[in-house]
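Chemist: Provided herewith is a single structure, encoded as structure tokens, for subsequent inquiry.
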Amino acid sequence: MRLNEIVFPDAQPIEGYGPGFFRIGGQVIRGAVLTGPNGTQTWGGLDDEEALLDLKGQVDVLFIGTGADVTHLPDETLAPLHEAGIGVEAMATPAACRTYNVLLSEGRRVALALIPV
């Protein structure tokens with residue numbers, strides 16, 4: 001078996017997370033975060049739809065980590081994203097981090113919005 005180093009050309013993988021924080025690109029970010037092809041930034045949570053809609057045309061899927069447990073996303077959050085052509089998958093934050101990293105390593109057009117555990 002041949003192992004290759006994974007290269008992430010357009011975005012940074014999630015390196016770690018814990019209670020109230022994420023480590024992305026060597027930086028510790030406290031609170032909710034959005035990362036993808038536009039870089040990494042703090043995020044205002046589910047009420048901050050504008051930041052998510054800025055991903056229009058850049059990603060096919062947006063993973064939303066809803067904290068320690070999976071939470072159903074309100075239709076008011078999902079409808080504008082679907083209208084913008086952004087697929088949305090909600091899952092617990094740890095699962096969202098792992099899924100994002102795998103798809104990012106495959107070169108997929110993904111972004112990640114996270115609420116801390």
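The values are calculated or read from the model by the stated rules, or taken from the named source; none is laboratory data. The structure displayed is predicted, hence computed values, not measured ones. Note that each Cβ is placed from the backbone with ideal geometry, even for glycine, and that neighbours are counted across all protein chains shown. Ligands, DNA and RNA are excluded from the accessible area calculation, which covers all protein heavy atoms including side chains. Shrake-Rupley method; radii C 1.70, N 1.55, O 1.52, S 1.80 Å.
Chemist: Quick check on my filter: what residues within segment 53-101 are among the acidic types (Asp, Glu) and either closer than 11 Å to LEU114 by Cα or touching a Gly at 6+ places or on another chain (Cβ under 7 Å) (or both)?
Modeler: Once the filter is applied, which keeps residues that are among the acidic types (Asp, Glu) and either closer than 11 Å to LEU114 by Cα or touching a Gly at 6+ places or on another chain (Cβ under 7 Å) (or both), segment 53-101 yields only ASP60.
Chemist: Select, from THR77, THR93, THR66, the only residue that is surrounded by 15 or more Cβ atoms within 10 Å (Cβ to Cβ), out of contact with any strand residue (DSSP E or B) (no Cβ under 6 Å at 6 or more places or on another chain) and of a type in the set (Ser, Thr, Tyr).
Modeler: THR77
Chemist: Another question about this same structure. Quick check on GLU89: is it more than 11 Å from the chain's Cα centre (by Cα) and not in a loop (DSSP other than H, G, I, E, B)?
Modeler: No: the conditions fail for GLU89.
Chemist: Scan segment 31-52 for residues that are in a strand (DSSP E or B), small (Gly, Ala, Ser) and within 18 Å of VAL117 (Cβ to Cβ) and report the count.
Modeler: Pass one, segment 31-52, residues in a strand (DSSP E or B): 33-36, 39-42.
Keeping just the survivors that are small (Gly, Ala, Ser) gives 36, 39.
This time we only want the ones that are within 18 Å of VAL117 (Cβ to Cβ), so: none.
So the count comes out to 0.
Chemist: Scan segment 41-62 for residues that are polar (S, T, N, Q) and within 22 Å of VAL28 (Cα to Cα) and report the count.
Modeler: The qualifying residues number 2.
Chemist: Residue pairs, Cβ under 7 Å, 6 or more apart or interchain, first in segment 34-52 and under 14 Å from ILE86 (Cβ atoms), second modelled with pLDDT under 95 and part of a loop (DSSP other than H, G, I, E, B). List them.
Modeler: Matching pairs, first to second residue: GLY36/ALA11; PRO37/ASP10; PRO37/ALA11.
Chemist: Another question, if that's okay. Within segment 92-109, does at least one residue satisfy the condition of being among the hydroxyl-bearing types (Ser, Thr, Tyr) and without any contact (Cβ under 8 Å) to a residue 60 or more places away in the chain?
Modeler: Yes, because at least one residue in segment 92-109 is among the hydroxyl-bearing types (Ser, Thr, Tyr) and without any contact (Cβ under 8 Å) to a residue 60 or more places away in the chain.
Chemist: Consider VAL59 carefully, then state whether it is open to solvent by less than 30 Å² (accessible area, probe 1.4 Å), in a loop (DSSP other than H, G, I, E, B) and not aromatic (Phe, Trp, Tyr).
Modeler: The answer is yes for VAL59.
Chemist: Note down all Cβ pairs under 8 Å where the first residue falls in segment 53-76 and is on the phi < 0 side of the Ramachandran plot and modelled with pLDDT of 95 or more, the second is of a type in the set (S, T, N, Q) and assigned to a loop (DSSP other than H, G, I, E, B), and they're at least six residues apart or on different chains.
Modeler: Correct list of pairs: ASP54/ASN38; LEU55/ASN38; GLN58/ASN38.
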